[in-house]
Amino acid sequence: LLQIDFEDVIAEPEGTHSFDGIWKASFTTFTVTKYWFYRLLSALFGIPMALIWGIYFAILSFLHIWAVVPCIRSYLIEIQCISRVYSICIHTFCDPLFEAIGKMFSNIRATVQKEI
């Protein structure tokens, strides 16, 4: 939740402060204005915005349930066959090559000596 306090907006640094009466009046004005304008805006726009957001999320949910998820699942089912063929090709052609290269380089030994 968004919580805005007077000190978050009007922040006087240490060593620079206005008169206490000005500070208290500013604080009261800010707090009361924020409180009542929020209530006014909520009363004017709360129900229309709730309606708009309700429609938006209903459409979003509908599309997700009836279009996005079925398309993704269909794609995964169809790609599974291609995945198996690709895997067989890789294991048939690449595995022996990489195994041979690994055996060629497996006998290489490296030593490090520090000379004084």
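The values are calculated or read from the model by the stated rules, or taken from the named source; none is laboratory data. Worth saying up front: this structure is predicted, and the values here are computed from it rather than measured. The accessibility values were calculated without ligands, DNA or RNA, using every heavy atom of the protein model including side chains. Shrake-Rupley method; radii C 1.70, N 1.55, O 1.52, S 1.80 Å.
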- If you scan segment 27-55, which residues turn out to be hydroxyl-bearing (Ser, Thr, Tyr) and open to solvent by less than 100 Å² (accessible area, probe 1.4 Å)? THR28, THR29, THR31, THR33, SER42
- Message: Suppose the filter is on the phi < 0 side of the Ramachandran plot, among the β-branched types (Val, Ile, Thr) and part of a helix (DSSP H, G or I); does ILE4 pass it?
- Response: no
